[in-house]
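**Student:** My questions will all concern the structure given below.
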Amino acid sequence: MTAATTTPVRDEDDDRTPATGDPFDRDQLPTPPGATGTLLRSLLSPLRGRVAVTALLLLVSQAAVQAGPLLVAYAIDRAVPAFRGDDNGPLIAVAVGYLLCATAAGTLQYAFVRASARVSQDVLLDLRGRIFRHAQELSVDFHERYTSGRLISRSTTDVESLRELLEEGLQELVMVILSAVYISLLLLWLDLGLGAAAVASFVPLYLLVRSYQRRAKRVYQKRSTAIAAVIVKFVETMNGIRPVRAFRREAANDADFAVLNRRHERTNGDALLEMARYVVGSRVTANVTVALTVLWGAYRVADDTLALGVLAAAVLYLRRLYDPIDRLGMFLNSYQSAAASLEKIAGLLAQTPSVPEPASPRELPGRRPGLPGREVVFDDVRFAYRTGGEVLPRFDLTLPAGQTVAVVGSTGAGKSTLAKLLARFYDPTDGRVLLDGVRLSDLTGRDLRREVVMVTQEAFLFSGTVAENIAIGRPDATREEIEQAAKEIGAHDFIAALPDGYDTDVRKRGGRISAGQRQLVAFARALLADPAVLILDEATSSLDVPGERAVQRAMATVLTGRTAVVIAHRLSTVEIADRVLVMEHGRIVEDGSPSELIARTGRFADLHRAWRDSLA
Ligand SMILES: Nc1ncnc2c1ncn2[C@@H]1O[C@H](COP(=O)(O)OP(=O)(O)OP(=O)(O)O)[C@@H](O)[C@H]1O
Ligand SMILES: [Mg+2]
């Protein structure tokens, strides 16, 4: 990934203004309106019953929790005077009642926390699975734009912030709100004046929370963008570690990373500062309210218009009301960052594949015996990537079944683009790509992958054994078939020499295999898959001469019996082709057999002469 060496970093808070018209340039995909709500509903609706039970547990447990101060009031105003008058019944009743309530509250809260934890774990499990499945389904086109760093940040940081909310914040947030409702009602019932005073104190608290929320939202958005930028830079750099080393980009990358890291630190500091302001404000409001209540209550107790027990209960309730208000800010924060994360995830999940499955798929006719491969037709195809101009303007090409075609041309001519259209990584902007007369877009993904296989330059190996890597071509292949394919390709000898032979793990030490050997494994995989059409985008990097010979031989084997398109960077490859296409600027400028083109005086003849001279 060369992005690691080129991504410019600007030390600005440019997260809100898209730098270009391309929405993918921003960290956040444009989330369609309503997508977040739809996602939330679809996550919770399968758990409806359990959510209802959880809510019920909360309601009942909070009622038990809030009984305490009421019993204290009863004890002071009734039970203690009765006890003085030698009646210990009420006091015992209060003690027993208090114990019962405490036990019930504890048990119910335990049940509530368990139930809500189960719900949130299920939601998170579902969400992680959806992100992975969905990202994997999205088209190549999407992944070429939306970096893997961003995807990682969606499925780690964003899911994590939801986890924090669900596991730590949400229950307390709901409890705080519910207890505020209970306490206000109880206070109003105990004493209208005290109740009204407590409710009135909500006004400054509400204003405080509102202003904090507004500021925090801004700060937290910046912070999450800053975190994402740190992750993206990290992942891109490490993915591109080879070019980074080769071009000595370490110092420049360090500087870029330092800028991003500092921006993250600064946004974190801003967030903490907002938090501190809020905590101070809420404590001052709470303590002033309590002090005024005690003062006013004391006067009224002295006037005999208020019972001492009721005042004691009121003060206890007020403490209960204000204690968690400090933390309310924190819960709101985690609520806000979770909401922002959920929005980003919803944006990702709302993306639709740009090469969709057909609504009513068509079947290909059976492969004609004796005539291997299938006919490929590009019918008046035009193609442009989302960004940039037209890469293929009006492209017509017919490849008869079984033909091996070499495509040559200068860099950027559109050769790989042609291959990607044939593999249906993209759909043409206009025109049709046909396989035996059937549009590629009318085939199911499964049929298409069976018919058309593309071996790319990277010759990617998955973690697992060599045998497993070959079997990707046909998962139900037996060990004999796998070894047979490797033998035909000429890969058997080197595989057998690996520490564990075919069972060598390609990612473990000792399983390291060279670029040429990787190509051979990729060919064995393609041979086993036995597609009707094979596309090879040949590696530009040159292998050593014995390696190149082995790859050439293997290529000849894998190409026979099918329609083949080889994007050739070596003229030695062209010699095994039936037909050569020379492409320039998205057009075919020469078309003929290798010998025909050499005999002419075109580009290919020039290239060929230069190559011959270099060999001499
Ligand atoms: N994902 C993409 N998004 C936008 N433009 C692209 C994308 N991939 C390729 N292009 C552009 O399309 C044009 C053709 O690219 P293509 O990869 O098909 O060239 P090529 O003939 O395979 O070149 P090479 O020999 O270097 O592999 C180039 O101008 C390139 O910049
Ligand atoms: Mg290419």
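The values are calculated or read from the model by the stated rules, or taken from the named source; none is laboratory data. Keep in mind that this is a model prediction, so the values were computed, not measured. Cβ: placed from backbone, ideal geometry, glycine included. Neighbour counts: every protein chain shown. Heads up: the accessible areas ignore ligands, DNA and RNA and are worked out on the full protein's heavy atoms, side chains in. Shrake-Rupley method; radii C 1.70, N 1.55, O 1.52, S 1.80 Å.
**Student:** Name the residue from Ser337, Gly269, Trp296 whose Cα lies farthest towards the positive end of the charge dipole of the chain, charges +1 on Cβ of Lys and Arg and -1 on Cβ of Asp and Glu.
**Tutor:** It is Trp296.
**Student:** For the ranges 490-497, 356-363, 551-558, what's the packing order if you count other beta-carbon atoms within 10 Å of each residue, average per peptide, and put the highest first?
**Tutor:** With the highest mean Cβ count within 10 Å placed first, the list reads 551-558, 490-497, 356-363.
**Student:** Let me ask something additional. Give me the percent of accessible area attributable to carbon and sulfur for the chain, probe 1.4 angstrom.
**Tutor:** Details: 18230 of 31350 Å².
Ligands and nucleic acids excluded, carbon and sulfur give 58 percent.
**Student:** What is the Cα centroid distance between the range 176-222 and the range 264-285, reported in whole angstrom?
**Tutor:** Answer, in whole Å: 19.
**Student:** Any idea what the relative contact order of the range 214-295 is, in percent, if you count C-alpha pairs under 8 Å spaced at least 6 apart?
**Tutor:** Relative contact order here is 46 percent.
**Student:** Rounded, prolate or oblate: which one fits the chain, using the alpha carbon gyration tensor with axes a ≥ b ≥ c (rounded when a/c is under 1.5, else prolate when a/b beats b/c, else oblate)?
**Tutor:** Working: a/c = 3.26, a/b = 2.75, b/c = 1.18.
The shape class here is prolate.
**Student:** Looking at the chain only, what percent of DSSP beta bridges run antiparallel? Nearest 5 please. Intermediate values should be presented prior to the final figure.
**Tutor:** Details: 19 of 37 bridges.
Of all bridge pairs located within the chain, approximately 50 percent are antiparallel.
**Student:** Tell me which of Leu581, Leu162, Ala532 sits at the most positive position along the dipole axis of the chain, charges placed on C-beta atoms (Lys, Arg +1; Asp, Glu -1).
**Tutor:** Leu162
**Student:** If I take every Cα pair under 8 Å that is 6 or more residues apart in the range 554-616, average their sequence separation and divide by the length, what percent do I get for the relative contact order?
**Tutor:** Relative contact order here is 20 percent.
**Student:** While we're here: With n ≥ 4 as the cut-off for DSSP H runs, can you work out [θ] at 222 nm for the chain, using -39500 (n - 2.57) per run divided by the number of residues, rounded to the nearest 500?
**Tutor:** It comes out at -19500 deg cm²/dmol, rounded to the nearest 500.
**Student:** Whole number in Å², please: accessible area per residue of the chain, 1.4 Å probe, ligands, DNA and RNA not counted.
**Tutor:** Numbers: 31350 Å² over 616 residues.
I get 51 Å² per residue for this part.
**Student:** About the Cα centre of the range 41-181, how large is the charge dipole given +1 on each Lys and Arg Cβ and -1 on each Asp and Glu Cβ? Please answer in debye to the nearest 20.
**Tutor:** Numbers: 14 positive and 14 negative charges, 76 e Å.
The dipole of the range 41-181 has a size of about 360 debye.
**Student:** Can you give me the long-range amide H partners of Arg579? Hydrogens built in the peptide plane at 1.01 Å from N, cutoff under 5 Å, separation of 5 or more residues or another chain.
**Tutor:** Amide H neighbours of Arg579, under 5 Å, 5+ apart: Thr404, Ala406.
**Student:** Here is a further query. Treating only the Cβ atoms of Lys and Arg (+1) and Asp and Glu (-1) as charged, compute the dipole magnitude of the chain about its Cα centre; round to the nearest 20 debye.
**Tutor:** Numbers: 73 positive and 72 negative charges, 128 e Å.
With Lys and Arg at +1 and Asp and Glu at -1, about 620 debye.
**Student:** Mean separation of Cα pairs under 8 Å and 6+ residues apart, divided by the residue count of the range 67-164: what relative contact order is that in percent?
**Tutor:** Relative contact order comes out at 22 percent.
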